[in-house]
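I have placed the structure first, in the form of structure tokens, so that the comments after it can refer back to it.
The values are calculated or read from the model by the stated rules, or taken from the named source; none is laboratory data. Fair warning: this is a prediction, and the values are worked out from it, not measured in the lab. Because the Cβ atoms are built from the backbone with ideal geometry, glycine has one as well, and the counts that use them run over all protein chains shown.
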Amino acid sequence: MKSSRDLIAEYSLTPNKALGQNFLTDASAIERIVSAAAEPGLSVLEIGPGLGALTFPLAEAVKKLVCVELDSALCGILERELPVNASVINADFLKTDIGKISEELGGGEIVAVGNLPYYITSDIAMKLASSPVGIRRMVLMMQREAAARFTAQPGDRNYVPLTVLSRLRFRVSVLAELSPASYFPQPEVSSTVLVFDALGSKLPADLPRFLKAAFSMRRKTLINNLAALGYGKEETAAKLKSLGFDPSVRAEALSPEELLSLAEAL
Ligand code: SAM
């Protein structure tokens with residue numbers, strides 16, 4: 001199995017900073033991520049495979065693997081080097097249809113894994129967390145600051161719609177904390193690997209829109225933010241009261257479960 005460093009030298013590549021290309025070179029982190037992602041019997045979607053640091057060992061451990069990579073030069077290399085149970089789609093993950101990828105993977109539940117490009121971490125996580133496709137588990141590596149959004153508590157600065165949505169769908173835990181020395185080239189920041197285990201919850205399809213509105217102006221009350229989306233102020237106030245909250249409360253004071261129950265009631 002060739003390492004990312006071997007492939008960079010063999011193909012005379014220059015990592016593309018704008019695409020967040022910091023390749024993972026830490027063997028023990030690679031092993032931990034692969035064993036967390038390799039659920040028996042499940043197929044895997046990998047976002048941003050790069051030069052295959054996770055892809056090659058994953059392909060050995062799982063039934064089927066589909067990767068989505070934006071950089072066409074890296075896709076060409078992976079196509080030449082990957083085994084037959086793994087394939088790569090040259091596309092922007094934010095523009096792909098996860099439903100189609102899941103069909104390509106056999107149509108059942110899948111695992112999503114990725115050392116995510118830092119510049120679109122939240123967008124990728126939002127797309128995964130709001131996808132109707134059955135995702136049993138996600139193993140995602142991201143900047144430490146981005147990871148704080150998934151572990152934030154009500155009232156924290158980092159408590160945002162993504163926190164609420166991901167925690168209603170998944171139990172989130174920290175698998176590893178990595179320093180810049182785990183990558184080539186080295187980034188300026190530290191990273192965290194999070195594991196998201198599906199809770200099996202069924203959420204209203206328009207919950208992402210509801211949450212976006214509820215948090216839209218952080219200094220405004222929840223009632224005023226929701227009024228902009230067309231929810232009656234009196235109705236919202238009555239439901240808040242029944243949950244034990246003052247009508248002047250802001251969205252960030254409510255737990256994920258309280259926000260869900262408000263969304264369902266309204
Ligand atoms: N998985 C590899 C590893 O761990 O060494 C590479 C991780 S690197 C941090 C992020 C990867 O995501 C790069 O290969 C980059 O080209 C790719 N990428 C960047 N933007 C992307 C996008 N919009 N869709 C898919 N892949 C993207």
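Scanning segment 1-56 for residues that are more than 9 Å from the ligand (Cβ to nearest atom) and among the polar types (S, T, N, Q), we see that the one that is surrounded by the fewest Cβ atoms within 10 Å (Cβ to Cβ) is S12. Scanning segment 152-177 for residues being in a strand (DSSP E or B) and either touching a Leu at 6+ places or on another chain (Cβ under 8 Å) or among the charged types (D, E, K, R) (or both) gives a total of 7. Within segment 113-127, the set of residues being surrounded by fewer than 24 Cβ atoms within 10 Å (Cβ to Cβ), more than 9 Å from the ligand (Cβ to nearest atom) and in contact (Cβ under 8 Å) with a residue 40 or more places away in the chain comprises S122, M126.
Name, by its number, the condition in (1) over 16 Å from I110 (Cα atoms); (2) in a loop (DSSP other than H, G, I, E, B); (3) among the small types (G, A, S) that does not hold for A18. Just one mismatch for A18, condition (2).
Results for (1) among the polar types (S, T, N, Q); (2) more than 9 Å from the ligand (Cβ to nearest atom); (3) loosely packed, with under 15 Cβ neighbours inside 10 Å; (4) within 21 Å of V195 (Cα to Cα), shown as yes or no for each residue.
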| position | (1), (2), (3), (4) |
| --- | --- |
| E60 | no, yes, yes, yes |
| V66 | no, yes, no, yes |
| K100 | no, yes, yes, no |
| E103 | no, yes, yes, no |
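Would you check if there is a residue in segment 128-135 being out of contact with any Cys (no Cβ under 9 Å at 6 or more places or on another chain), under 20 Å from Q21 (Cα atoms) and within 16 Å of the ligand (Cβ to nearest atom)? Full working, then the answer.
If we filter segment 128-135 for residues that are out of contact with any Cys (no Cβ under 9 Å at 6 or more places or on another chain), which is where we start, we get 128-135.
In the following step, the residues that additionally are under 20 Å from Q21 (Cα atoms) were identified as none.
No: zero hits.
Given the structure, is M138 more than 9 Å from the ligand (Cβ to nearest atom) and assigned to a helix (DSSP H, G or I)? It is false that M138 is more than 9 Å from the ligand (Cβ to nearest atom) and assigned to a helix (DSSP H, G or I).
Mind checking whether some residue in segment 72-81 is closer than 27 Å to E177 by Cβ, at pLDDT 95 or above and within 13 Å of the ligand (Cβ to nearest atom)? Taking every residue of segment 72-81 in turn, at least one turns out to be closer than 27 Å to E177 by Cβ, at pLDDT 95 or above and within 13 Å of the ligand (Cβ to nearest atom).
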